[in-house]
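Asks: Sending over a structure as structure tokens; questions will come in a sec.
The values are calculated or read from the model by the stated rules, or taken from the named source; none is laboratory data. Keep in mind that what you see is a predicted model, and the values were worked out from it rather than measured. Please note: Cβ atoms are built from the backbone with ideal geometry, for glycine as well, and neighbour counts cover all protein chains shown.
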Amino acid sequence: MKKEIIVLPGDGVGREVMEAAKTVLRAIADEYDHQFVFHEHEIGGAAIDQYGVPLPEETIDACMHGDAILLGAVGGPKWDHVAPDIRPEKGLLGIRKQLGLYANLRPVKGFKALLQASPLKEEILGESDILIVRELTGGLYFGRPSERRDSGNTVVDTLSYTREEMERIIETGFESAMKRRKKLTSVDKANVLESSRMWREIVEEKAAQYPEVEVEHLLVDAAAMKLITEPSRFDVIVTENLFGDILSDEASVLTGSLGMLPSASLRRDGVGMYEPVHGSAPDIAGKGVANPIGMILSAAMMLRYSFGLEEEAREIERAVDECLEQGYFTPDLFIPGGTPVGTAEMTARIIENVTAKSISDSICGM
Ligand code: NAD
Ligand code: IPM
Ligand code: MN
């Protein structure tokens, strides 16, 4: 299979973890006889430096024509004081919006080897396996107006959603639950926000079409608490843009590190951008210690959702699991008795496990 992959490394550790993901994809291409062609373009701070804007036309154009997109992370202190309209983050929001990538799937699954890496007790973590379905192209992030008034002393951010925008993401939530353990937790703030009241109505309407799915509503503040005290009660969580952003960083604690979480940003026809949940991590950027697993697992999601390569996706997930079982961990994690490694060595160990499988396959086949 030949695929053209648009690569947007972005800023900070985004660039470091992207190298790791490309290396793993090359190993998979070798093993399974695929051709992955990488086309690199700038976004975020790197694009501001080169083009004066965080989302140049040529990046948008490339994204429109590629088979899938991989994104590292954007932002950093260097661009914290540029005009709000050309901040690095605007580039990311812009590409999500322009491509209509409204459904952000954020799986949060603990690895056995990492039970000690989480500050939560093992008995609380249990077998937590959650999918956060986050709306990605509406709400406060895209509110108009969003401005300062009265000589800069009053600020306005508008939270706006259409019924259709809510319906399609809530449907994604139900569809995802049907493929999993058939439990859907809808998270809102219906005791305060009108948008949440409409959200809840739509969830109730859709629930009638999915009688097999057990539905519960949680207010976002209580949901934040239960995510930490009772994580194993959750299967699929569906929520709006800002709540989903916050809850997913919180949920990463279950895995031991924000650096572990992958995501897929999709629209109905399968077009997708794949991005780790974490940001550019300026505090560790350039040190060669970033955890590449969130990015590598995002590449696995790309193989699964955009290319239909389920076996290859599983192979990456298996290789990551194996590498952690062997005790390799980056400094954001901890494995008792294990070996601390940097980004490059972690990646090399993961690839060794991809290759190890094919060696044992050929031995078995003899
Ligand atoms: P961050 O996610 O970059 O970092 C939060 C903490 O997690 C830091 O301590 C960092 O060292 C750690 N961390 C993150 N990724 C890691 C990894 N792969 N390995 C090990 N540790 C990791 O969040 P922040 O510091 O609040 O934001 C920094 C910049 O990143 C900001 O400009 C923000 O807007 C941007 N950001 C971008 C994205 C994105 O591009 N998708 C996501 C979040 C934040
Ligand atoms: C994420 C990030 C982005 C978001 C920022 C950088 C705009 O935090 O992908 O989770 O809030 O969506
Ligand atoms: Mn975030």
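Asks: Suppose we filter segment 9-44 for residues that are touching a residue at least 40 places away in the same chain (Cβ under 8 Å) and on the phi > 0 side of the Ramachandran plot; how many remain?
Replies: Residues flagged as touching a residue at least 40 places away in the same chain (Cβ under 8 Å) and on the phi > 0 side of the Ramachandran plot within segment 9-44 amount to 3.
Asks: Now for a separate question. Between 208, 113, which is surrounded by fewer than 17 Cβ atoms within 10 Å (Cβ to Cβ) and either touching a residue at least 60 places away in the same chain (Cβ under 8 Å) or small (Gly, Ala, Ser) (or both)?
Replies: Only one candidate qualifies: 208.
Asks: Can you name the condition, by its number, that residue 196 falls short on among (1) out of contact with any Lys or Arg (no Cβ under 6 Å at 6 or more places or on another chain); (2) polar (S, T, N, Q); (3) more than 30 Å from residue 83 (Cβ to Cβ); (4) surrounded by 14 or more Cβ atoms within 10 Å (Cβ to Cβ)?
Replies: Residue 196 satisfies every listed condition except (1).
Asks: Follow-up question, since we're still on this one. Taking only segment 83-107 into account, find how many residues are surrounded by 15 or more Cβ atoms within 10 Å (Cβ to Cβ) and either within 15 Å of ligand 1 (Cβ to nearest atom) or under 22 Å from residue 45 (Cα atoms) (or both).
Replies: Result for segment 83-107: 17.
Asks: Working carefully through the options 274, 305, find the one that is closer than 27 Å to residue 138 by Cβ, more than 16 Å from ligand 2 (Cβ to nearest atom) and hydroxyl-bearing (Ser, Thr, Tyr). I'd like the intermediate steps shown before the answer.
Replies: Values: 274 fails: more than 16 Å from ligand 2 (Cβ to nearest atom).
Checking each option against the conditions leaves just 305.
Asks: Could you check how many residues of segment 56-76 are touching a residue at least 60 places away in the same chain (Cβ under 8 Å) and surrounded by 12 or more Cβ atoms within 10 Å (Cβ to Cβ)?
Replies: 12
Asks: Further question: What number goes with the only condition from (1) in contact (Cβ under 8 Å) with a residue 60 or more places away in the chain; (2) in contact with a Gly (Cβ under 9 Å, 6 or more places away or on another chain) that residue 157 does not pass?
Replies: Among (1) in contact (Cβ under 8 Å) with a residue 60 or more places away in the chain; (2) in contact with a Gly (Cβ under 9 Å, 6 or more places away or on another chain), residue 157 violates only (1).
Asks: Before we move on, is residue 269 out of contact with any strand residue (DSSP E or B) (no Cβ under 8 Å at 6 or more places or on another chain) and either modelled with pLDDT under 95 or not acidic (Asp, Glu) (or both)?
Replies: When the stated conditions are applied, residue 269 passes them.
Asks: Of all the strands (runs of 3 or more DSSP E) wholly in segment 221-289, which have at least 1 residues that are surrounded by 24 or more Cβ atoms within 10 Å (Cβ to Cβ) and either of a type in the set (A, V, I, L, M, F, W, C) or more than 12 Å from ligand 1 (Cβ to nearest atom) (or both)?
Replies: Values: elements: 236-239, 264-266, 272-274.
In segment 221-289, 236-239, 272-274 are the strands (runs of 3 or more DSSP E) which contain 1 or more residues that are surrounded by 24 or more Cβ atoms within 10 Å (Cβ to Cβ) and either of a type in the set (A, V, I, L, M, F, W, C) or more than 12 Å from ligand 1 (Cβ to nearest atom) (or both).
Asks: Scan 333, 309, 303, 324 and give me the residue that is in contact with a helix residue (DSSP H, G or I) (Cβ under 6 Å, 6 or more places away or on another chain) and over 25 Å from residue 31 (Cβ atoms). I'd like the intermediate steps shown before the answer.
Replies: Details: 309 fails: over 25 Å from residue 31 (Cβ atoms); 303 fails: over 25 Å from residue 31 (Cβ atoms); 324 fails: over 25 Å from residue 31 (Cβ atoms).
The unique qualifying residue is 333.
Asks: Among the residues of segment 239-257, is any more than 20 Å from residue 320 (Cβ to Cβ), assigned by TED's automatic domain parsing to the domain that holds residue 74 and of a type in the set (S, T, N, Q)? Break it down stepwise before answering.
Replies: The initial filter retains those residues of segment 239-257 that are more than 20 Å from residue 320 (Cβ to Cβ), namely 239-247, 249-250.
Narrowing the set further to residues that are assigned by TED's automatic domain parsing to the domain that holds residue 74 leaves none.
No, segment 239-257 has no match at all.
Asks: Return only the number of the condition from (1) away from ligand 3 (no atom under 12 Å from the Cβ); (2) at negative phi; (3) in contact with a helix residue (DSSP H, G or I) (Cβ under 8 Å, 6 or more places away or on another chain) that residue 256 does not satisfy.
Replies: (2)
Asks: Looking at (1) outside any helix (DSSP H, G or I); (2) surrounded by fewer than 19 Cβ atoms within 10 Å (Cβ to Cβ), which one does residue 355 not meet, given that it meets all the others?
Replies: It fails just one condition, (1).
Asks: Of the residues 220, 187, 236, only one is touching a residue at least 40 places away in the same chain (Cβ under 8 Å) and within 16 Å of ligand 3 (Cβ to nearest atom); which? Lay out the reasoning, then the answer.
Replies: Working: 220 fails: touching a residue at least 40 places away in the same chain (Cβ under 8 Å); 236 fails: within 16 Å of ligand 3 (Cβ to nearest atom).
Testing whether each residue is touching a residue at least 40 places away in the same chain (Cβ under 8 Å) and within 16 Å of ligand 3 (Cβ to nearest atom) leaves just 187.
Asks: If you don't mind, there's one more thing I want to ask. Would you say residue 73 is within 12 Å of ligand 2 (Cβ to nearest atom) and either within 27 Å of residue 229 (Cβ to Cβ) or not polar (S, T, N, Q) (or both)?
Replies: Yes; evaluated as a whole, the condition is true for this residue.
Asks: Which members of segment 99-114 meet the condition of being among the charged types (D, E, K, R) and within 16 Å of ligand 3 (Cβ to nearest atom)?
Replies: Looking only at segment 99-114, we keep the residues that are among the charged types (D, E, K, R), and these are 106, 109, 112.
Listed by number, the list holds a single entry, 106.
Asks: Just checking, does segment 268-276 include any residue being touching a Lys or Arg at 6+ places or on another chain (Cβ under 9 Å), of a type outside the set (D, E, K, R) and within 13 Å of ligand 3 (Cβ to nearest atom)? If you could, list the steps in order and put the result at the bottom.
Replies: Applying the first criterion (touching a Lys or Arg at 6+ places or on another chain (Cβ under 9 Å)) to segment 268-276 yields 268, 273.
Checking the rest, the ones that are also of a type outside the set (D, E, K, R) come to 273.
Among the residues that remain, those that are also within 13 Å of ligand 3 (Cβ to nearest atom) are: none.
Within segment 268-276, not a single residue is touching a Lys or Arg at 6+ places or on another chain (Cβ under 9 Å), of a type outside the set (D, E, K, R) and within 13 Å of ligand 3 (Cβ to nearest atom).
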